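Encoded as structure tokens, the structure appears first; notes follow it.
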Amino acid sequence: LAVIRGEVTGCTKCAELAAGRTQTVFGVGNPEARLVFFGEAPGADEDASGVPFVGRAGQLLTKIIEACTLSRDDVYIMNVLKCRPPGNRTPLPDEVANCRPFFERQLAAINPEFICCLGASAARALLQTEETIGKLRGRWFTHGSATVLCTYHPSYLLRNPAAKRDVWEDMKLLMERMGITL
Ligand code: URA
């Protein structure tokens, strides 16, 4: 992970993102985690701190993790893109392609049993599908040796609190499959 992190720090493959970033945002948590939360890309707070999911959406993700009786230190948290897109726009296909070797190697190094994709960008990037998150959520997929579950992104929950019920149903499924009693 340290080797990959170093390569990410020096990456300039996406000229626009490299020029606009304060710093790259690699990942945080337990490098031997059973569960990885996989998000989209850093926002302003993450670009400023260098840590994924520390802004408002991140605080909600922390609450979700804690509702699962886990802590941020038990899991590993990372994004598809390691640089903040301007204005938090959705990652472009070329940007996902440029970052793919990084996130694939990062996942291979951690070798988690479970990956939880947060939102359509993460789900589509990992599973290489164009399916909507509404269709992908709550179902089981595989990525290498990992079992994958997709759910809504915490930022979506901030705009649409009614969807929190669905995310909680997804988390209960995931915890049951992980053998964690809630
Ligand atoms: N949203 C994401 O997808 N990732 C972050 O790190 C923060 C917000």
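Scalar couplings 3J(HN,Hα) for region 25-42, obtained by applying the Karplus form with A = 6.51, B = -1.76, C = 1.60 to θ = phi - 60°, are 10, 8, x, 8, x, 7, x, 10, 4, 6, 10, 10, 9, 10, x, 8, 6, x Hz; x denotes Gly and Pro. Couplings for region 99-115, taken from phi via the Karplus curve 6.51 cos²θ - 1.76 cosθ + 1.60 with θ = phi - 60°, read 8, 3, x, 5, 6, 5, 5, 4, 5, 5, 5, 6, 6, x, 6, 9, 10 Hz in order; Gly and Pro are left as x. Region 83-118 and region 13-55 have Cα centres separated by 9 Å. Shown for the chain: cysteine residues without a partner Cβ closer than 4.7 Å, namely 11, 14, 68, 83, 99, 116. Taking 145, 49, 155 in turn, the Gaussian network model of the chain (Cα-Cα springs below 10 Å) assigns the largest fluctuation to 145. Here the translational diffusion coefficient of the chain follows from Stokes-Einstein with Rh set to the Kirkwood radius across Cα pairs; for 10 °C and 1.306 mPa s it amounts to 98 µm²/s.
Run the dipole for region 35-182 about the Cα centre, Lys and Arg Cβ at +1, Asp and Glu Cβ at -1, nothing else charged, and hand back the magnitude in debye, nearest 20. Don't skip to the answer; put the middle values down first.
Details: 17 positive and 17 negative charges, 57 e Å.
Computed about the Cα centre, the dipole is about 280 debye.
Pairs of lysine residues in the chain that meet both criteria, 8 or more places apart or on different chains and Cα atoms under 15 Å apart, total 4. On full extension, the segment bounded by residue 160 and residue 128 gains 8.9 nm, given 0.36 nm per residue less the C-alpha separation.
Put simply, the amide H of residue 27, placed in the peptide plane, has no neighbours under 5 Å, leaving out anything fewer than 5 places away on its chain. On the beta carbon distance between residue 7 and residue 141, with R0 = 41 Å, the FRET formula returns roughly 0.90.
Laboratory data are not the source of any read-out in this text; all were calculated from the coordinates shown. Here the structure is a predicted model, which means the values were calculated and not measured. Reconstructed Cβ throughout: ideal geometry from the backbone, glycine too, with neighbour counts over all protein chains shown.
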